[in-house]
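The values are calculated or read from the model by the stated rules, or taken from the named source; none is laboratory data. Just so it is clear, the model here is predicted, and its values are computed rather than measured. Positions of Cβ are backbone-derived with ideal geometry, glycine not excepted, and every protein chain shown enters the neighbour counts.
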Amino acid sequence: MAPSFDHLRDEDLDEEDFDMDEVDISDLREKYEVSLEQGYDTFVVVDGLPVVTEEQKPKLVKFLLKKLNTVGKAREDSIDMPMGPDGKSKQFAFVEYSTAAEAAAAVRQLDFTPLDKKHTLRVNKFTDIDRYGREGRVEEEYTAPEIPPFEEQEHLRSFMADPSGRGRDQFVMFRGDSVGVFWNNEKDQPENIVDRPHWTETFVQWSPLGTFLTSVHAQGVQLWGGASWSRKRRFAHPFVNLVAFSPNEKYMVTWSNRPISIPDEGHPSLSLDDDGKNYVIWDVETSKPIRSFAQLDTPTSVDENGAPRKQKLPWPAFKWSADDKYVARLNPGSSISVYELPRMNLLDKTAIKIDGVVDFDWAPATVQRDGVKTYEQLLSFWTPELGSNPAKVGLMTLPSKQVIRSLNLFSVSDVKLHWQSEGAYLCVKVDRHSKSKKSQATTLEIFRVKEKGVPVEVVDTIKDTVINFAWEPKGDRFVIITTTEPVGPTAVAPKTSVAFFCPEKAKGNAVGNFKHLRTLDKKNSNAIFWSPKGRFVLIGTIHNQQSADLDFYDLDFEGEKPESDKDLTANLQLMNTADHYGVTDVEWDPSGRYVATWASFWKHKLENGYHLYDFKGEQLREEPIEGFKQWQWRPRPATLLTKEEQKAIRKNLREYSRVFDQEDAERINSADVAVVQERRRLLEEWYAWRAQVEEELAEEREVLGLPADPVADLLNAKTAAIAPGQEEQIIEEIMEEVLEETEEIVN
C-alpha cells in the first residue's frame, strides 16, 4: 500500500526543507551513480564471423554459442549481430555475458580461436573499443596501413657458427657490475665477444636453447641476442624476481613477490585484470601476456607424526610439458591445474582432483610407449598416506587424464620423483620409517616407462639417508650419495658414501635389471654432476668451507674390467681428483668436453673466481676475480643429425680425431710462430727507439757544443798525455793480508 501524507498540514511544510539546491547529496551520488563504462564490462565484440543472411543467422548464432559458452554463460537473445542494408551480416556481433569476469575470460581464451577452416574469431572488450575511439586512436575514415620495406633480421642462432671453425662454446660471466659473453679458448684467455656494465640488476639467464640472454630489472625482463647483442624482446613485469622458460622457448613465466599494481594512467603491457597478481605467463614471440595468476598457496607436507608442515614455495611454480602444449601448477593437497597453450584455458574446464597430492612432474621428453600409438604427454604425481589409505605414486597421460600405472606405498616419510632425461625411466625415491618411527630406510622404485604395462623394479633397500640422486643423461645408469649423519647445513662436511648403479647385460636391445656396481666410502661428497652426453660424472663437495673435493669418473673406461663386473654395463674408473676451495657451483658445457667450477660472491666473499677443467679433470685455467658472481654456459639446440648419422660418426671417431689432432697441432705451432714474431717485433721496436734517442742526444750535444762522442775524446786525451817515444809503464802493486795466525809452543 502506498504511504499517505494527508495527516501533514500545510504549515508543517517549510519550502526551505525542499530546496534541492541547498541539499548536499554528493555522498548518495557517489554511492549510487552508474558508470556507463563499468556498465558495459559484461559486453564483448566478436569479429571475424562469416557473412550470412537473415535465414542463415539463427544457425550461426547457435554455432557461435557453443564457442562462447565454453568460458561463461551467454544466451541466444544476448547476441546482437548487425545486418547491412543488403540483408547480409557485417561479420561481427555484440555479446553480453552474465558477469564481467566471464567477459574478460572470453577475451583472454577465445581470441584467435578458429571458428572453422576459413574464419578465426577476434574477441575484444566493448569498453576497449569505445575507449580507443574516444582517445582518437581510431580514425573515422579507414586508412590502409603502410607496409614497411623488408629488412633482413639477425640470425638468432649465429652463435652456432664459430668463426674459428673449432666448434667452441660460449659462456657468460657476471662479475662486479659487468656482464660479458666469451668464447671458450681452453687454456688460453677466453675471447671476449661483448662486455657491458650494468647489463642486469640482479642476474642473467640463458633461454633453454641458447637463443636469448635474459637480463632482469626493476621494470621487467629483457631478452638479448643476435650478432649485435641488441634487445629482441621486452616484458614489463614490475619488480620481477624470477624467470622460467618453457622447454622450446615459446613461453615464459615471471614472478614477483610484490603483487602487480596497475597505475591510473595504465600499463604498457598489463591490464586491470592483472592487478594484484604475482605470476605472468608471456608469449615470447609477441612479448604479450597470456594470463596472470595470484600468489599460490604455501604447500604443506606431512611429518612423521602425520601433522602438516609448511614448506617453501616451489620454483618453478608452473611446470611445462615437453612439447610446450601444456603448463600445470599444483594446488597443494587437492588437485593439479593443467592449462592448454596458447589460450591458457583450463583443460576440460576443471582441475585434476587428486586428494592429498604433494608434488608432480612432467616427463622431460615425449615418450613413445610400447603398444601405445596415440600421442600424449606423461605426468607423474604422488600422495601421502591419509588415514588407512596408503601413499600412492601415479603415472597419468594427458590430455586423456588416464592413470596408466599406480603404485601403493606404506610407512612413507617422503617421496622424490626423478625422471631420466629421455623419459624412459622414472625413479621414485621412497624414504620409509619403521613402525616405531625411530629408524629410516630408502628404497628406489624404478618405473620402466617404455615397456609394456610399465613394470616397476625395486632396486635396493638402503639403510642410510639418500641425500642426492642423479640419472645419467641419455643413459640408464645412476649415482646416489648417502650419509649416516643428520641432514642439514653443517660447518664440517658430513661423511658420505657414493654408490654407482647400472643395468645387467641383456640379449638384444633389452635393458637388464639394475644392479649395484660399486660404493665409495668415507667421502665428503654431496653433489653429482653428469656430463650432458653421459659416460663421465663429477662427484663433488660444494657449499662447504672445510672440503672442496672434485672427483672425475669414467663409467665406460676402456681398460681391463674387474671379474666381478663382467655382466654389468659399466666399467668404473677414477680419472682425476681436483680441489677448488670455496666452490659453490659446477656446470658442464653442452658438448661435455669442459667443466667450469666457481666460487660466487653471492654466497661468500673468499677467493671468488673460477676454474676450468676438461672432462678428464685436468685443470686448464684458474682465474681469481674480485666480485665474481655467475658463470653460465650457453645451451645448444638439439642436433639436426639423425641417429644413423650419429652412429656413423661414433664409428669413425678415430679418423675424425686424427684430423682434429692435426688441426690442434697446427694451431699450437702457429701460436708458437706468433709468439716468436711478436718477440722479434718488440726487439725491432726497441732498436728503433734506441736509434731515435741516440739521434736526439747527438743533436743536443751539437747545440750545447759538446763532443759528439765523449768516450772517444777521453781515450784520445789519455793517449796524448804519454810523451812521444815513451812506452806505457805497468805498475804492479802487491798487497799482503794475514788470513790466519797460529802460535804453537815446541818443547
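Observations on the model:
- The listed residue being farther than 30 Å from THR639 by Cα and in a loop (DSSP other than H, G, I, E, B), out of PRO149, PRO163, PRO208: PRO149
Condition check ((1) modelled with pLDDT under 95; (2) over 29 Å from PRO208 (Cβ atoms); (3) surrounded by 16 or more Cβ atoms within 10 Å (Cβ to Cβ)) across all residues:
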| position | (1), (2), (3) |
| --- | --- |
| PRO314 | yes, no, no |
| ILE336 | no, no, yes |
| VAL367 | yes, no, yes |
| SER380 | no, no, yes |
| LEU395 | no, no, yes |
| PRO399 | yes, no, no |
| VAL412 | yes, yes, yes |
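- Pairs meeting the criteria (first residue in region 401-423 and free of Cβ contacts under 8 Å to residues at least 40 places away in the same chain, second residue of a type in the set (Gly, Ala, Ser) and crowded, with 19+ Cβ neighbours inside 10 Å, beta carbons under 9 Å, at least 6 apart or on different chains) are ASN408/ALA391; LEU409/ALA391; PHE410/ALA391; SER411/ALA391; VAL412/ALA391.
- For region 528-555, the candidate set comprises residues that are under 18 Å from SER497 (Cβ atoms) and aliphatic (A, V, I, L, M); within that set, the residue that is nearest to the chain's Cα centre (by Cα) is ILE528.
- Selection within region 584-619 - buried (at least 16 other Cβ atoms within 10 Å of the Cβ), more than 21 Å from the chain's Cα centre (by Cα) and of a type in the set (A, V, I, L, M): LEU612
- Candidates in region 63-115 are the residues that are touching a residue at least 40 places away in the same chain (Cβ under 8 Å), assigned to a loop (DSSP other than H, G, I, E, B) and in contact with a helix residue (DSSP H, G or I) (Cβ under 6 Å, 6 or more places away or on another chain); of these, the one that is nearest to THR42 (Cα to Cα) is TYR97.
- Applying a threshold of 6 Å to beta carbon distances and a minimum spacing of six or more residues, or different chains, the list of pairs starting in region 425-447 at a residue that is at positive phi and ending at one that is outside any strand (DSSP E or B) reads LYS437/GLU304.
- Residues (in a strand (DSSP E or B) and surrounded by 16 or more Cβ atoms within 10 Å (Cβ to Cβ)) located in region 519-531: LEU520, LYS523, ALA527, ILE528, PHE529, TRP530
- Hey, THR597 in contact with a Ser or Thr (Cβ under 7 Å, 6 or more places away or on another chain) and closer than 28 Å to LEU209 by Cα or not: no
- Residue list for region 433-475, filter: buried (at least 20 other Cβ atoms within 10 Å of the Cβ) and in a loop (DSSP other than H, G, I, E, B): VAL449, GLU472, GLY475
- Lone unmet requirement of (1) surrounded by fewer than 18 Cβ atoms within 10 Å (Cβ to Cβ); (2) in contact (Cβ under 8 Å) with a residue 40 or more places away in the chain; (3) within 17 Å of GLY475 (Cβ to Cβ) for HIS543: (3)
- Residue within region 145-164 that is crowded, with 18+ Cβ neighbours inside 10 Å, within 29 Å of TYR613 (Cα to Cα), in contact with a strand residue (DSSP E or B) (Cβ under 8 Å, 6 or more places away or on another chain) and without any contact (Cβ under 8 Å) to a residue 60 or more places away in the chain present: no
- Scanning region 362-377 turns up no residue that is within 24 Å of SER292 (Cβ to Cβ) and free of Cβ contacts under 8 Å to residues at least 40 places away in the same chain.
- Filtering region 327-349 to residues that are assigned to a strand (DSSP E or B), more than 21 Å from the chain's Cα centre (by Cα) and aliphatic (A, V, I, L, M) leaves ILE336, VAL338, LEU346.
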